[in-house]
Structures are given as structure tokens and as C-alpha cells.
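Have a look at this one before I ask anything.
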Amino acid sequence: MIVLIIYITVFAIAFFAVRFIANRLIERHDFTSLKTVTFGDESAVTPNRWASILSVLTIFLLWGAFTNSNWTPLHVPGPFVGDTKFTYVMEAPNGSRDDATVYVRVSPAGEPKSKIETELGDGFAKNDSVSVSAWRSVLVAMDKNDEFKRKQGAKVVEVNGSPISPGHRVQVDDGEIVMTSKGTLNFIPNKGLQMEPIWLPPPENVVDRVVEIAQEGYQNFTLLEHLGWSLLRVIVGFVLGAVVGIPLGYAMGLSDWFRGWFDPIVEFMRPVPPLALIPLVIIWAGIGETGKIILLFLASLWIMTIAARAGVSGVKITKVHAAYSLGASKWQIMRYVIAPNSLPEIFTGARVAMGVCWGTVVAAELVAAEKGAGMMIMVASRFQLTDIVIMGIILIGAIGYAIDILMRKSEDYLVPWKGKG
Amino acid sequence: MSTLSIDDVSMRFDLGNGEHVQALKNVTLELKTGELMSVLGPSGCGKTTLLNIVAGFLAPTEGKLSLNGVPITEPGAERGMVFQQGALFDWMSVRDNVAFGPKMGGQSPAEYAETVDHLLDVVGLQDFKQKAVYELSGGMQQRVSLARCLANKPDVILMDEPLGALDALTREKMQSLVLKLWKETGRTIILITHSVEEALLLGERLLVMAPRPGRIHKEYQLPFADLGVGADLREIKKHPDFNTTREEILSMIWDMEEEIMGRSEGASS
Ligand SMILES: Nc1ncnc2c1ncn2[C@@H]1O[C@H](COP(=O)(O)OP(=O)(O)OP(=O)(O)O)[C@@H](O)[C@H]1O
Ligand SMILES: [Mg+2]
């Protein structure tokens, strides 16, 4: 919640700041700047570079601020760490009261705990000393060293001067006290706003982890091998899907028999999410490479078939007529007219298919695999190695993004006429 | 002497719901080699249908067609077509578009290089030959279309409103170009147009078609195409005969359109 509010605030401030600075400093002289109508003119809206940079920076800074990173200058308040104390008043069965102090040492998460040396003090209630890690809470068995026990009817009635009874809570320095139904005191040190490393480790831990796994590997394989295997599966599955799917799509676009025969199959298989096939593929082919490649093959097959079919249907009939009256044979029409004309559609299909395959392979590896990006984060999550999980997610995202950029670049290069015919 | 003969051709489109459209009825026509015939007629009178039948994209429901005695049953390289627009191959350069026909015919690049480069010169696109077609203006694209068709050296050139999408000035230049190419190459040309002026300027013969059913209404023999070769087309338009013929044809087509409108109004009321 707080994160969201901060995020929106940063967004708004950055927007006005950049607007202000940009209007001051940079005079624009390109064509778009001369357009008076930009709201609603899609071509006039290009991603603002500054916004992109600030966006990434904001996420990084927020991450750092909420995880007490060494890399970011600002931090939100962290959990309380150090020594603190509170006092309680014990009422003996005979009605007499005595107070005692509880010394608490809160040690940083992940470091060994230690107690403060204390004297017992006088009266029937004796001083206590407890230790706890940041973000955790501790039950104070305050009556253990006292002269009257709870079993004997003694009970705590005040904490730091405020009355307390089972179920109630009292704010004390650096934390709060909750009395359990059995009358014990539970000390909860202030948690602050930062995230526990086990939920979200600071960025430097993740980077350290990347370096470590890149060098030493994880679960018998290096980072590069994990990612490489995932990528290899995707490429093999996708290529097989394309090699079968594109000719099939062409055949469906060119022959009524093929169209009739395969239409029910393709239309039926298309809405089945590839993830739903994982159980069946595991039953049929096991969890080895064959199963994964079959799965990815199926994931890309229908997409490529439909893309190729749409590519053929999209050929303008006048172009085909023109080619025929220029003396082209059927094969030449296929080779010189239909194939190039369907390329843009096929590229769009390939982009979608690669995206789906990448998602599917990670999911399949989550379910069962010996190596791969998905397997890496699944195993890490079982051991609560959040830094590996986060590293894995970032790398999976980055690779998916890179694949898409690569496909788009090759599309621009190979089908420059797209959308211009 | 070789001829294109269209013998008693009729075309009926079944609309599937039991109705049908008689797009052409008993069209008989003979074209000698080297003739340029323009075709005029109100919208929907079957001009495009007739051209598609000659090109071999459609089989007539009745009648026979032949070119030089050979029956026409399918599209062929001897009958080239220039489309109104959008029929160029976007994925090829200008030069590859023009070279498409010879290449499909099995000629090697060395064999067709001369023809192609000559044609690019003729249509004035030598400087643009490496450009992609989507980088050209509409008028330039039509010149590519024309050159692509001519590179294949067809006996008959079929043009369906090839200049319809061009502005008046470009159109005039293209008209001169068509006349010039027609005289130089001696091809047989059928040219469909919506512009009476264009039909008069370019056609040696002028065919006026009537709708419902599509049929030949009247035929003219005109002198203007021969006069127009190498001359200023605007001068020819000042010719008194030109104006009288234009008025005659305009009112004829006007009457036909009026009749269609009246008939459909009558049908709806
Ligand atoms: N594929 C088709 N199916 C059904 N009817 C058709 C088909 N093609 C043409 N027609 C009909 O045939 C008639 C003649 O059409 P055609 O396209 O030949 O006219 P046109 O003279 O070229 O008209 P325009 O000048 O508008 O191009 C029209 O009534 C049209 O509705
Ligand atoms: Mg037409």
C-alpha cells in the first residue's frame, strides 16, 4: 500500500519535473513538435526516453529503499535493532504488587542472538532478560524467576504503567506488548517498513548471487547451463513447430481438403493452453527432454499453423492474378508471391509463439526438470532462497524481452514492407 | 493476321440464394493486332467482368474466346493485365517487379537486363529502380505496373481503369505515355475507363456498354488516338469533333444511369 502511494507520487513528480526541465532546456524542432493535435494522434506518441529511464530507476530505488540496500541512499525506517526494556507490574494472589524490568536485545536478522546480563532486583517480581531477532517476536516467560507463578494465581496487571489484560496490547519503547490468553507477555519489536530479506533481499544480494551461481553453479549446473538449456528447449521446440506448422498452414490456405481435414483439429487445439498439456506429456514422455520438446512443439505448432494460414488468406487476389498473367506457374506463385506476402503474418506468429514457448518452458521446468531456469527458482523457493528466485525471475524476464526485441529487429530487417502495401 | 475474338460470351453470377446477376449477355467482339480499344459504360455494366474473362481469371457461362486461334481457358503470359492499383509486389524492388515476367519465363538476368532497363528508361524510373515500391507515389507505381506488363511482351494488354486513382496532371502524362508505348510496341490494348475524355483520346475504337444485362451498346471509330501520338493532348481536346462526340457519349451514359436509377426507384416503391 505504502509502496503504491510512493510509486504514484514519484511518477507524478517525475512527470512534472521532466516536463518543466524539458520545456526549459530543450527546444524541439522535429516534425512531431509541429503537430498541434497530439492527443489522439497515435503516431505522435512515442515512448518518452526519460520516462523509461526514470521508471527503471524508480523501481530499483524503491527496491533498495525497502530492503536497506547499501546501493541506495534513502531507506524507509527499518526494524528496531538494539537494546530496549519495559517494566511490568505483577499482582500476587494476596493482592500485593511488585514491578520488574524486562531487558530485550533485538539482534539483526540472521545474526546470533545474545542476552543482556541483568540483576534480579528486589521484590517478588524479578527482572528478566530476553533476546529476539528483528522481525520476530518473543514470549517473555516473566514469572519463571518470580516468587509467585501464574499457576499460583499471580498475574501481570500493568506494562509500563498502562493496565493490561489477556488479549490487549500496549505500546512500549521500540515495540509493543501483547498479552496472550494465558497471561504471558509477547514482545514484538517494531518492524519498520522494510521487507525481510527472506521475502525480498536487497539488490546487492541478488547480484552477489548471480556472480556466485555463474561461477559455482547451482544444483549441479551453472547459471549459463540452466538458462542455456531452457533456451535450447525453446528453440528446438519452436523450430520443430514452425517447420511443421508453416507448411501445414500453407496447405490449409491453399487446399480445401487440407483445410477441411485440419480445421477441427487446429481450432480445437488452439484454445487449449499449453500448460494444460503438461500432465499428459509427462505421462506420455516422462519428464526428460523429449517431453519438454513435445510440449513446446505443440505450443508453437498451432500458432504457426494459424499464422501461415492467415498469411495465405491475406494475399490480395489482384497480386495473384497479376502473377498468373505474367506467366508464373503455381510453384512460382507459391515461391514468389504467397511466401513473401505471408511473411509479415508468420513473423507476428513467430513472435507470439516464442513468447508462449518461453513461458511454457519455464512452467514445465517448475513442474519437473533436472536443469533449467524454472527448475532453478523452484528448488530455490523450496529452500527459501529468495535471492535466487528473484534473480531467476529477472533473468527470465530479461531473456523473454531480449527474444522479443530480436524478433522485432529481424522483422524490420526481413519484411520492411510490412503495413505499407 | 492475329486477332482476339470474343464470340457470343455471356456471364451469369449465381448469388447462391437462388438469384443471379446477368453480368454479360451475348457479347461478340473482334480485335485485330495493334488495335487500341477503350471501353466505357455505367458502373456495374460488366466491364471488369469482360476483362477478367479475357484475362482468363473467369470462365464465361456461355460463349468462346480465342487469341490467334488458341482458345482462352486460363491466364497466360500472352495476355498481360494492368490493374488499377495494389497489384505490385511490395516485397520486391521496382526493377524486380518489372523483371518478374521474364524471370518467371525462365530467362536469365543477363537475357532480360536490356529489356528491363530500357523499359525503366521509357517510364522514367531509372533512378528509382532499386527503391521499394511502397516508397513510390501513386503515379510512379502505375508506371511500374505498365513497365512490368510490357516487359513480358504480351500480345494483348488489358487495362482496368489503370489511371483512375491518379490526379489530373499525372493522368495526362500517363495518357501520352500509353499512346507512345502503344505506337512503339504495336500491342493490342483494351482499356477500361470511367473518363469519357480518356476513352476518346486513347481509343481507336470506343465501345460503350449498357447495363442489365451487360451488353455492347454502341461502337465508335475515332481518329484522336492517332492524332495524339507525340502531340499535345490538350490541343486535341479543342478539336470540334472531340467535343461533339464527348457530349453525345456523355448524354448517352447519362440516360443509361438515369434509367437504372429510375428502375431501382420504381422497384423499391
Ligand atoms: N464475383 C461476383 N459475384 C456476383 N456478382 C458479381 C461478381 N462480380 C461482378 N458481379 C456483378 O456483375 C455485374 C458487373 O460487374 P463488373 O465489376 O463487371 O462491373 P463494372 O462495369 O466493372 O463496374 P465498375 O465500373 O463499377 O467497375 C455487377 O452487377 C456485379 O454486381
Ligand atoms: Mg470494374
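Can you give me the distance in nm between label points at residue A:94 and residue A:259, each placed 7 Å from the Cα along the Cα-to-Cβ direction?
10.3 nm
Shifting gears a bit: DSSP loop (so not H, G, I, E, B), at most 15 other Cβ within 10 Å: list which GluC sites (Glu not before Pro) in the range A:332-386 pass both filters.
Answer in residue order: A:370.
Next question. I'd like the Karplus ³J(HN,Hα) series for the range B:193-199: coefficients 6.51, -1.76, 1.60, θ = phi - 60°, whole numbers in Hz, and an x wherever there's a Gly or Pro.
Result, ordered by residue: 8, 9, 9, 4, 4, 4, 4 Hz.
For residue A:2 and residue A:239, FRET efficiency with R0 = 45 Å and r from the beta-carbon atoms, rounded to 0.05?
The formula returns an efficiency of 0.45 here.
I would also like to ask the following. Just the number, please: Stokes-Einstein D of the range B:87-153 in µm²/s, Kirkwood Rh from C-alpha pairs, 10 °C, 1.306 mPa s. If you can, show how the numbers build up before the last one.
Numbers: Rh = 11.4 Å.
Estimated via Stokes-Einstein, D reaches 139 µm²/s.
Please work out how much length the chain gains when fully extended from residue B:130 to residue B:169, using 0.36 nm per residue of separation minus the C-alpha to C-alpha distance, in nm with one decimal.
Full extension from residue B:130 to residue B:169 adds 11.5 nm.
For chain A, build the charge dipole from Cβ charges (+1 Lys, Arg; -1 Asp, Glu) around the Cα centre, then report which of A:157, A:417, A:134 sits farthest towards its positive end.
Comparing the listed Cα positions along the dipole, A:417 ranks first.
Computed FRET efficiency, Cβ-Cβ of residue B:32 and residue B:261, R0 41 Å: what is it to the nearest 0.05?
Computed FRET efficiency for residue B:32 and residue B:261: 0.65.
Here is a further query. Give the long-range amide H neighbours of residue A:129: residues separated by 5 or more places, or on another chain, with amide H under 5 Å away, using H modelled in the peptide plane at 1.01 Å from N.
Distant-sequence amide H within range of residue A:129: A:103.
What does the charge dipole of the protein assembly as shown about its Cα centre add up to, to the nearest 20 debye, if the Cβ of each Lys and Arg holds +1 and the Cβ of each Asp and Glu holds -1?
Numbers: 64 positive and 75 negative charges, 141 e Å.
The dipole of the protein assembly as shown has a size of about 680 debye.
Quick one: if you take sqrt(5λ) for each eigenvalue of the C-alpha gyration tensor of the protein assembly as shown, what semi-axes come out, biggest first, whole angstrom?
Computed over the protein assembly as shown, the values are 85, 29, 25 Å.
Here's another thing I want to ask about it. To the nearest 10 degrees, how steep is helix B:138-151 against the longest Cα principal axis of chain B, on a 0 to 90 scale?
Its long axis makes an angle of about 80 degrees.
Where does the charge balance sit around residue B:38 when Lys and Arg score +1, Asp and Glu -1, over other residues with C-beta under 10 Å from its C-beta?
Cβ neighbours under 10 Å give a net charge of -1.
A further question on this structure: Less than 13 Å apart at the alpha-carbon level, and either on another chain or at least 8 residues along: which aspartates and glutamates does that give for residue B:131?
B:90, B:96
Could I get the Rg over Rh figure for the range A:326-373? Both from C-alpha atoms, Rh via Kirkwood, rounded to two places.
Rounded to two decimals, Rg over Rh is 1.37.
Measuring from label point to label point, each 7 Å out along Cα→Cβ, what is the residue A:384 to residue A:149 span in nm?
About 3.2 nm separates the two model spin labels.
Starting from the amide H of residue A:164, placed 1.01 Å from N in the peptide plane, find each other amide H under 5 Å away whose residue is 5 or more places distant or on another chain.
So residue A:164 has HN proximity to A:158, A:159.
At a probe radius of 1.4 Å, what is the per-residue accessible area of residue A:367, in Å² to the nearest 10?
Probe radius 1.4 Å; accessible area of residue A:367 about 90 Å².
Once label points are set 7 Å from the Cα along Cα→Cβ at both residue A:329 and residue B:235, what is their separation, rounded to one decimal in nm?
Roughly 5.1 nm, to one decimal.
Right, something else. With the dipole of chain A worked out from charges on the C-beta (+1 for Lys and Arg, -1 for Asp and Glu) around the Cα centre, which of A:283, A:145, A:17 lies farthest toward the positive end?
A:283
Which pairs in the list B:129/B:218; A:292/A:409; B:129/B:238; B:129/B:153; A:316/B:218; A:319/A:409 are over 31 Å apart, alpha-carbon to alpha-carbon?
B:129/B:218; B:129/B:238; A:316/B:218
Taking amide H positions as placed 1.01 Å from N in the peptide plane, with prolines and chain starts having none, which residues 5 or more places from residue B:3, or on another chain, fall under 5 Å of its amide H?
Those lying under 5 Å, H to H, from residue B:3 are B:68, B:69.
Under unit Cβ charges (Lys, Arg +1; Asp, Glu -1), what dipole magnitude, rounded to 20 debye, does the range B:115-265 have relative to its Cα centre?
Charge dipole, the range B:115-265, about its Cα centre: 480 debye, nearest 20.
In chain B, what is the volume of the convex hull around the alpha carbon atoms, normalised per residue and reported in Å³?
So the per-residue Cα hull volume is 149 Å³.
Could you tell me how far the Cα centroid of the range A:380-395 sits from the Cα centroid of the range A:306-337, in Å?
The two parts, judged by their Cα centres, are 50 Å apart.
Let me ask another. Considering chain A as a Gaussian network with a 10 Å cut-off on Cα pairs, which listed residue, A:46, A:386, A:348, attains the greatest mean-square fluctuation?
Answer for the Gaussian network model of chain A: A:46.
Among A:355, A:291, A:167, whose mean-square fluctuation peaks in a Gaussian network model of chain A (Cα, cutoff 10 Å)?
A:167
Take the Cα gyration tensor of the range A:203-414, multiply each eigenvalue by 5, square-root it, and list the three semi-axes largest first, rounded to whole angstrom. Write out the running numbers ahead of the final one.
On the way: eigenvalues 319, 74, 26 Å².
Ellipsoid semi-axes (Å, largest first): 40, 19, 11.
What are the ³J(HN,Hα) values, in whole Hz, obtained from phi via the Karplus relation 6.51 cos²θ - 1.76 cosθ + 1.60 with θ = phi - 60°, for each residue of the range B:103-108 in sequence order, with x given for Gly and Pro?
Once θ is set to phi - 60°, the couplings for the range B:103-108 become 5, 5, x, x, 6, 7 Hz.
If you don't mind, another one. For the range A:105-249, how big is the tail of P(r) above 27 Å, as a whole percent of Cα pairs? Let's see the in-between values first.
Values: 5440 of 10440 pairs.
Summing the P(r) tail past 27 Å for the range A:105-249 gives 52 percent.
Still on this model: Convert each backbone phi in the range A:150-160 into a coupling constant with the Karplus relation 6.51 cos²θ - 1.76 cosθ + 1.60 (shift: θ = phi - 60°), then list the ³J(HN,Hα) values in order as whole Hz, x for Gly and Pro.
5, 4, 7, x, 6, 8, 7, 10, 9, 10, 6
Considering the options A:112, B:190, B:92, tell which one lies farthest towards the positive end of the dipole of the protein assembly as shown, charges being +1 on Lys and Arg and -1 on Asp and Glu at the Cβ, about the Cα centre.
A:112
Please work out how much length the chain gains when fully extended from residue A:211 to residue A:136, using 0.36 nm per residue of separation minus the C-alpha to C-alpha distance, in nm with one decimal.
24.0 nm
Still on this model: Run through the range A:75-169 and list the GluC sites (Glu not before Pro) located in a DSSP loop whose Cβ has at most 15 other Cβ atoms within 10 Å.
A:117, A:119, A:147
Mind checking which lysines have their C-alpha under 24 Å from residue A:144, skipping anything on the same chain fewer than 8 residues away?
Of all the lysines, those that pass the test against residue A:144 - Cα under 24 Å, at least 8 places apart if same chain - are A:85, A:113, A:115, A:126, A:155, A:182.
May I pose another question? Want the number for residue A:70 to residue A:182: 0.36 nm per residue separation, take away the alpha-carbon distance, what's left?
So the chain would gain 36.1 nm between residue A:70 and residue A:182.
State to the nearest 20 debye the size of the charge dipole of the range A:152-252 about its Cα centre, where the only charges are +1 on K and R beta carbons and -1 on D and E beta carbons.
480 debye
Now, a different point. Could you identify which residue out of A:240, A:223, A:54 has the top mean-square fluctuation in a GNM of chain A using Cα springs shorter than 10 Å?
A:54
The values are calculated or read from the model by the stated rules, or taken from the named source; none is laboratory data. Quantities reported herein were computed from a predicted structural model and do not represent experimental measurements. Backbone-built Cβ (ideal geometry, glycine too); neighbour counts: all protein chains shown. All accessible areas refer to the heavy atoms of the entire protein, side chains included, with ligands and DNA or RNA removed. Shrake-Rupley method; radii C 1.70, N 1.55, O 1.52, S 1.80 Å.
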